[in-house]
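**Q** Got a structure here, written out as C-alpha cells. Questions coming.
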Amino acid sequence: MTFPSEPEAVGRDLPRRDGAVKVLGTATYAYETPLANAAYLHAVQATIARGRVTALDTAAAEALDGVVAVLTPGNAERLASTEDRELAVLQGEEVAFRGQVVALVVADSSEVARHGAALVRVEYAQQPHDAELRADREDLYAPESVNPDLPTDTSEGDVDAALAAAEVSVEETYTTAMYHNNPLEPHATAALWDPAGEGFLTLWDSTQGVHPTRTALASVFGLDEAQLRVVCPYVGGGFGSKGQPHVNVVLAAMAARAVPGRPVRLALTRQQMFSLTGYRTPTIQRCRLGADRDGTITAIAVDVVELTSRIKEFAEQSGVPARMMYASPNRSTTHRLAALDVPVPSWMRAPGECPGMFGPEVAMDELAERLGLDPVELRIRNEPAVEPGSGKPFSSRNLVGCLREGAVRFGWAERDPRPGVRRRGDWLVGTGVAASTYPVSRMPKSTATIRREGERYAVEIGAADLGTGTWTTLAQIAADALGVTVALVDVRIGDTDYPMASVAGGSSGMTTWGSAVVEAAGAFRAKYGSEPPDGAEASGSVQPADDRHAMHAFGAQFAEAHVHLDTGEVRVPRLLGVFAAGRIINPRTARSQFIGGMTMGLSMALHEQSVLDPRTGHVVNHDLAGYHITANADVGAIEAYWLAEDDPHVNAMGSKGIGEIGIVGTAAAVSNAVWHACGVRVRDLPITLDKVLHALEERPRH
Ligand code: MOS
C-alpha cells in the first residue's frame, strides 16, 4: 500500500470531471440510453391496501393502437426467486400495499403506455388493512437485528435505578415523520434481452451500485451473473433509494424478455415513486436522560418504535447513535416494529443516525435547559474516553473541536440562554445547536484495476457517482497513489464490465473503492516500478478494516430560527456546520455534500412529511406540489467547515465518509433554535406553525 502522507492531488478543489457533460445536457442517464426501436413501459398500481385482484380486464388496453403487450400475474414469467417479496412482481393476485404493481403495459411510446395503463380494469376482493403506526400497538415486535446488521437492543448498568436517582432528568417522546427520497432523476431502467445463444440481458439502470443490482437481478431471474450487464455512468441523485434495486428494474427486465430483441424503457412517475422506491419510516422515540447537578450524565435510554411492511422487513437503526455519542454508566436502547400493510421502507440518507439524532439531541437541549448549563458545554462534559459499549479507542474523535470551532464561528458566546426574549421586527429570534455523527464504514469487497494506456493511466472499478464526485475523487486518489499527475489519470466507473465494486451506501464509497485503488496502485508500482510500459496492468482489492478502533465522523450544527409573532411561520436564515471527517479528498465536492446534507436536514425539520392516510394506506401528498422539499427561497446562509483531522486508522487516505453526516443533527439544531426563539419545544417533526401558534397567542404584542 503506497499513499503519500502529503498528497498532491488529494485535498485540491478540482472541478467535477462530469461537470461539463451535465451542464451541457449530454451526460447519458439510464432512460436516455440511445436504443433503436425501444418500447415503453407503464405500471398499473393497486388502489387498495390489502386484498386480492379478482379480475383484470386488459382488452381495452390491448386494443389500443401502439400497445405491444400487457403483462399481468396471469401471463408474466415465473421468477426464479420470489424470496424478496418486494421484487416478486406480477407473481400472484395478492395485494399487500396500496400502489403495488398489478399489471404492466408495453407500448410504442410512453404516452400510449400510460394511456393503456389507465384502460386496464382491475377488480379486487378487498380485505381490512392496517396502516397506522402507534406506540401503544400490541403487536409491536423486536426484529432480529437492525440495519445493516446491528443488535436490536443494548443494555448496560441499570437505567431505571439511575433515572430514579438522577438529580435532573428528561423523559420525553419525540417523533419524526415519514419521508420519501425525491432524487431529481426518477427511478429509471432501460433493458435489452438478446435472445441469441444463452441469452444476455443488459440493464441501463439508475443505481447506486451496478454490481449489487446485477447480483440481485441474477437471483430473481435465475441467470448467471455472466449473462447480465448493468451500466450506469451517471445518477441524478439516489440518497439510498437507489441503493437496492426496486421493482422498476424487475419490470424492465421482465418486459425485455417478453419482447426479445427489442429494448424497453421504464421511468417511474414522481407519484409512483411514493409507493415503489422505499421511504424513511416514521419514528416514535422515547428518550430518557438522567444527570447529576453538574451535568454529568448518569443514564441514557432510547426506545424507538417504527414501521415496516408486512412483505419485507426493514428495521431502521434509529436507536444506534445513542449507543456511542455520550458517556454514561447506564444505558439502554431498543427497537420495536409494527408490520403494516404499507409500501416497503428502505434507506434514506443516514438511515438510523438521521432520525435517531433528533430525539436525543433535542433531549440534550432540554437537559441543558433544566441544568441551567450551556448546551455546548453539556455535550463537552460528557465526552467519552473510549467508545461506549465496545470500549474501543476512537481512531479519532473531534466532536469537542467541532463544537468549539462552530461556537466561535457562529458567535455563540453572545447568546442569552433565555428563550423567547429576542425580537427583530415581527419575528422572534433564537439559536440552537446539535451534534452530528456518522460511522466510517468499509464494505468487504471491491477491486480496482489500473492499466497504462500510452502515456495515460486508466483506473477501472464498478463504482458509482450519484452526484457525489466519485469521477473526480477516485482520479485524485489514484494519481497520488501512483505518484503521477492527476491529469494523466482516466477513471472508468458505473459498469459491471469493470471490476466488482460495492454499493454507494453508508458513506462507504471512498473508504472502500479508494482503498481498492490504493491497493491496485501499490501492486502496479511493485510490479513495474516508475517506468511502466504501455499495457502494464495490476489489480488490488480492499482489505479488511482495522477492527481495534471505533471509527466515526463527528460534527456540530448551529441554527438560527425566526418565528413570526402573528403567524407562527418558522424561517431558518442561517445554518452553520463544522465537521471532523478525516482528510477531505476534494473540498469542492465535499462542501457540496455537507451543505446538501444540511439542506436536506432543514427540509426534514420544516417541510418534508409524507402524509399516509390510514383509512386508505395512501400517501395523499404524493407529488412535488404536496410534498414540499426545501427550495432556494427557504434556504438562507448555509456554511460548512471542517477541522483538519489526521486519522491514520480509517484507511490509506485518512478519509471518513461525508455523504450522510450533513443531514444528521440538523433538525434537532433547528428545533432547539425554535425553542430558543419562542419558548415552544417542538418534539415532533416537521416544525409547522400550528405547533408553535398556541404560545404566540398568549404573548403580549408590544
Ligand atoms: Mo445511503 S441511505 O446509505 O445510500
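**Q** Taking the Cα centre of region 98-208 as origin and charging only Cβ (+1 Lys, Arg; -1 Asp, Glu), how large is the dipole, in debye to the nearest 20?
**A** It works out to roughly 880 debye.
**Q** While we're on this one: Given an 8 Å cut-off on Cα distances and at least 6 residues of separation, report the relative contact order of the chain as a percent. Let's see the in-between values first.
**A** Numbers: 1861 pairs, mean separation 117.6, N = 702.
It comes to 17 percent, rounded to a whole number.
**Q** What is the set of long-range amide H partners of residue 146 at a cut-off below 5 Å, with H atoms built 1.01 Å from backbone N?
**A** So residue 146 has HN proximity to 152.
**Q** Which residues does the label zone of residue 8 cover in region 446-482, counting backbone N under 16 Å from a point 7 Å along Cα→Cβ?
**A** What the label zone holds, given the 16 Å backbone N cut-off, is 456-457, 475-482.
**Q** Next question. Can you give the charge dipole size of region 199-352 about its Cα centre, rounded to the nearest 20 debye, using +1 on the beta carbon of Lys and Arg and -1 on the beta carbon of Asp and Glu? The partial results should precede the final answer.
**A** On the way: 17 positive and 10 negative charges, 57 e Å.
For region 199-352, the charge dipole is close to 280 debye.
**Q** In the chain, what % of DSSP beta bridges are antiparallel (nearest 5)?
**A** 75 percent
**Q** Residue 312: which lysines have alpha carbons under 30 Å from its alpha carbon, excluding same-chain residues fewer than 8 sequence positions away?
**A** 242, 445
**Q** Next question, about the same structure. Using the Cα centre of the chain as origin and beta-carbon charges of +1 (Lys, Arg) and -1 (Asp, Glu), tell me which of 563, 543, 256 is placed farthest towards the positive end of the dipole.
**A** 563
**Q** Right, here's the next one. Just the number, please: percent antiparallel of the DSSP beta bridges in region 442-541, rounded to the nearest 5.
**A** Expressed as a percentage, antiparallel bridges in region 442-541 total about 70.
**Q** Test of understanding: what is the full-extension gain from residue 422 to residue 646, defined as 0.36 nm times their sequence separation minus their Cα-Cα distance? The partial results should precede the final answer.
**A** Numbers: separation 224, 0.36 × 224 = 80.64 nm, distance 4.05 nm.
My answer for the length gained is 76.6 nm.
**Q** When the Karplus curve 6.51 cos²θ - 1.76 cosθ + 1.60 is applied with θ = phi - 60°, which whole-Hz ³J(HN,Hα) does each residue of region 649-655 get, with x for Gly and Pro?
**A** Residue by residue, region 649-655 yields 9, 5, 5, 4, 7, x, 9 Hz.
**Q** Additional query: For region 552-569, what does the Karplus curve 6.51 cos²θ - 1.76 cosθ + 1.60, with θ = phi - 60°, yield as ³J(HN,Hα) per residue in whole Hz, taken in order and with x for Gly and Pro?
**A** Per residue, the Karplus-derived 3J(HN,Hα) values read 8, 8, 9, x, 9, 10, 10, 10, 10, 10, 10, 10, 6, 4, 9, 9, x, 4 Hz.
**Q** Sort region 83-143 into rounded, prolate or oblate with this rule: let a ≥ b ≥ c be the square roots of the eigenvalues of the Cα gyration tensor; rounded if a/c is under 1.5, and if a/c is not under 1.5, prolate when a/b is larger than b/c, oblate otherwise. List each step's numbers first, then the result.
**A** Values: a/c = 2.78, a/b = 2.29, b/c = 1.22.
Note, shape of region 83-143 comes out prolate.
**Q** Could you tell me the center-to-center distance, by alpha carbons, between region 115-176 and region 407-466 in angstrom?
**A** Answer, in whole Å: 28.
**Q** Using the C-alpha atoms of region 412-495, what convex hull volume per residue, in cubic angstrom, is computed?
**A** Measuring per residue, one finds 213 Å³ for the Cα hull of region 412-495.
**Q** A follow-up question, please. Which aspartates and glutamates, on any chain, are close to residue 22 with Cα under 15 Å apart, when same-chain ones fewer than 8 places away are left out?
**A** Reachable aspartates and glutamates: 32, 185, 465.
**Q** Moving to a separate point now. For every helix of n ≥ 4 consecutive DSSP H residues, a contribution of -39,500 (n - 2.57) applies; sum these over the chain, divide by its total residues, and give [θ] at 222 nm rounded to the nearest 500 deg cm²/dmol.
**A** Values: 16 runs with 161 residues, N = 702.
Only helices count here, giving -6500 deg cm²/dmol.
**Q** On to the next question. How big is D for region 361-443, in µm² s⁻¹ as a whole number, if Stokes-Einstein is applied with the Kirkwood radius of its Cα pairs at 10 °C and 1.306 mPa s?
**A** Values: Rh = 15.0 Å.
In µm²/s, the coefficient rounds to 106.
**Q** Turning to a different aspect of this structure: Could you give the semi-axes, largest first, of the ellipsoid that matches region 442-541, computed as the square roots of 5 times the alpha carbon gyration tensor eigenvalues and rounded to whole Å? Walk me through the numbers before you get to the answer.
**A** Values: eigenvalues 91, 34, 26 Å².
Rounded to whole Å, the semi-axes are 21, 13, 11.
**Q** Here is a follow-up. Could you give each residue of region 62-76 its phi-based ³J(HN,Hα) in whole Hz, using Karplus coefficients 6.51, -1.76, 1.60 with θ = phi - 60°, and x for Gly or Pro?
**A** Running phi through 6.51 cos²θ - 1.76 cosθ + 1.60 with θ = phi - 60° gives 5, 6, 5, 4, x, 7, 8, 6, 10, 8, 9, x, x, 10, 5 Hz.
**Q** On alpha-carbon atoms, Rg over Rh for the chain using Kirkwood Rh? Write down the numbers at each step before the final one.
**A** Working: Rg = 26.0 Å, Rh = 26.5 Å.
Result for the chain is an Rg/Rh of 0.98.
**Q** Another question about this same structure. Can you give me the Kirkwood hydrodynamic radius for region 232-305, using every pair of distinct Cα atoms, in Å to one decimal?
**A** Working: mean 1/r = 0.0596 Å⁻¹.
Hydrodynamic radius (Kirkwood, Cα only) of region 232-305 equals 16.8 Å.
**Q** Moving on to the next point. At 0.36 nm per residue, minus the direct Cα-Cα distance, what do residue 547 and residue 171 gain on full extension? Give it in nm, one decimal, please.
**A** Working: separation 376, 0.36 × 376 = 135.36 nm, distance 3.50 nm.
Fully extending the segment from residue 547 to residue 171 adds 131.9 nm.
Values quoted throughout were computed directly from the atomic coordinates according to the rules given, and no laboratory measurement underlies them. Here the structure is a predicted model, which is why all the values come from computation and not from measurement. Note that each Cβ is placed from the backbone with ideal geometry, even for glycine, and that neighbours are counted across all protein chains shown.
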